[in-house]
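The structure under discussion appears below in the form of C-alpha cells.
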Amino acid sequence: MVIAMQISSKKEALARGLNRYFTGKPCKRGHLSERNIHGMCMECERERDRERFKNPERRAANIERSRRFYAENKEEFLDKCRERHQMNRDQRLVVQAEWRRKNPNNRTDWYLKNREKELQRSRQYGKDNPEKVSDWCRKRRARKNNAEGQHSPAEVTDLFARQRGLCASCKSKLSVRKPNRYHIDHIVPISKGGSDWISNIQLLCPPCNSSKKDKLPEEWARSRGMLI
C-alpha cells in the first residue's frame, strides 16, 4: 500500500519548528521514510537504536535520559506532537484502517487475554478521575443522540458558581463530593431534542435529578403539582 505523505524540505521543517520532514526520495539504504532535522533517515535511526538497545546498560541509560528530557520539555514536546499529529492525520487514518482490515480480531484477542487486568485498570481510573469519566459518558450519550453542541468542565464550574452552589430546583446546598455529588442535568433532555450547550445545563441535587429523569421542564413541574 502506498501512503501519500506531505513532501517538504529541511528548511521548511525548521521554519515551522518541526523535527521531521519527508523528501519523497529514498535514503542511501533504500528506505522511503521521514528524516530528522539532521538529515538522517528515521528508519535508519530505528535500526541503529535497535542495535544499541541490545546492550542492557545503554538501554537503561537511554530510557532514563528520555524520561528526563520529557519532564524538562513536556509542553514543547506535546505541542510538536499535536502539530505533527494534525499534519499527518489523513495518512494515519489510512494506515489504521488498513491495519484493522488485515487484523480484524487483534483487539478482541488481546482483550480476552488481558481482560481482568484491563477491568482493574478501568475501575481504578474511574475512582481516580470521576469527573473525567462522567464528562466522557455525557458526551458519548450526546453523540449517540446527535445532540448539538458541547460543554466543558470549566463551564460547569462557572455554572456552579453562578448557581451559588445551590440546586437549580429545590435550592438545597449542592455537594461536590460523592456519594451525594451534584448531578449535571440537561434542561431539555437530549433524548427529546435538547442540546449539549452549557445554556441547556443545570445542576441539580441527586433527589431532584432522580425525580426529573428525562422529563421536559413542563412535564416535571406538572408531575410535582406545580402546574395544572
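Side notes on the structure shown:
- Residues (at pLDDT 85 or above, of a type in the set (Ser, Thr, Tyr) and closer than 17 Å to His183 by Cα) located in segment 101-155: Ser152
- In segment 25-44, residue nearest to Arg84 (Cα to Cα) [restricted to those that are part of a loop (DSSP other than H, G, I, E, B), in contact with a strand residue (DSSP E or B) (Cβ under 8 Å, 6 or more places away or on another chain) and hydrophobic (A, V, I, L, M, F, W, C)]: Ile37
- Taking the criterion of being touching a residue at least 12 places away in the same chain (Cβ under 8 Å) and either of a type outside the set (A, V, I, L, M, F, W, C) or over 25 Å from Asp79 (Cβ atoms) (or both), the residues of segment 5-14 that qualify are Gln6, Ser8, Ser9, Lys10.
- Selection of helices (runs of 4 or more DSSP H) fully inside segment 144-228 by the criterion of at least 1 residues being assigned by TED's automatic domain parsing to the domain that holds Lys132 and closer than 27 Å to Asp128 by Cβ returns 153-162, 206-212.
- Matching residues, segment 50-61, being within 33 Å of the chain's Cα centre (by Cα) and assigned to a helix (DSSP H, G or I): Arg50, Arg59, Ala60, Ala61
- Verdict on Leu203 being among the hydrophobic types (A, V, I, L, M, F, W, C), surrounded by 11 or more Cβ atoms within 10 Å (Cβ to Cβ) and touching a Lys or Arg at 6+ places or on another chain (Cβ under 8 Å): no
- The listed residues are Glu64, Glu118, Glu47, Glu98, and the only one of them that is loosely packed, with under 11 Cβ neighbours inside 10 Å, of a type in the set (D, E, K, R) and in a helix (DSSP H, G or I) turns out to be Glu64.
- Qualifying residue in segment 24-38 (condition: under 19 Å from Asp90 (Cα atoms) and among the acidic types (Asp, Glu)): yes
- No other residue among Gly39, Gly24, Gly30, Gly17 is touching a residue at least 40 places away in the same chain (Cβ under 8 Å) and of a type in the set (Gly, Ala, Ser) apart from Gly17.
The values are calculated or read from the model by the stated rules, or taken from the named source; none is laboratory data. Quick caveat: nothing in here was measured; it's all calculated off a predicted structure. Using ideal geometry, Cβ is built from the backbone for each residue, glycine included, and neighbour counts are taken over all protein chains shown.
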